[in-house]
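S.K.: Quick one: the structure is below, questions incoming.
No value in this document is a laboratory result; all are computed from the given coordinates. All values reported here derive from a predicted model rather than from experimental measurement. Reconstructed Cβ throughout: ideal geometry from the backbone, glycine too, with neighbour counts over all protein chains shown.
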Amino acid sequence: MIRKLILAATDIIGTPPTNVSGIVAPADADARIAGFFSMAFIISTILATFFVIKGGMDYVMSAGDASKVKSAQAEIQYALIGLVISLTGFVIVSVVTNLLGYNVPTTIGL
C-alpha cells in the first residue's frame, strides 16, 4: 500500500529523469520524498475530515445515550488530534528541508 502511495505521488509530481546507470539524481529523490509527504498530508486530512463527520453523525444519532455520546466525542477528538499531529509533522519536514537548503516544493500542485 505504501508503494502505491509513493507511486501515486510520483505520478503527480512527474517521473524523474535517470542517468545512464538508472540511478535517480539526488534532487529528484528529494522531490519524490516531498511529494510523498504532501500526499500523506492530503490523505490524513481527508481521513480526519471523514472521521469528524462520522463522529458528528454518531453524536447526533446517539439519542441521548451517554455511552454513544462519549464514544462520538472521543472519535471527533481523536480525529482532530491526528490532524494536528499530521500538520505538525508536515510543517517540521518543510522547515527542516528549508533550513538544510533544499529547494524542495512542499505542494504537489493540485
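S.K.: Please specify each residue of the range 38-78 satisfying the condition of being over 19 Å from the mean Cα position of the chain (by Cα), among the aliphatic types (A, V, I, L, M) and surrounded by 14 or more Cβ atoms within 10 Å (Cβ to Cβ).
M.R.: Val69, Ala72, listed by residue number.
S.K.: Can you pull out the residues in the range 55-66 that are over 14 Å from Ile81 (Cα atoms), assigned to a helix (DSSP H, G or I) and in contact with a helix residue (DSSP H, G or I) (Cβ under 7 Å, 6 or more places away or on another chain)? So that I can check it myself, show each step before the final result.
M.R.: The initial filter retains those residues of the range 55-66 that are over 14 Å from Ile81 (Cα atoms), namely 56-66.
Filter again for assigned to a helix (DSSP H, G or I), leaving 56-60, 66.
Result: Gly56, Asp58, Tyr59.
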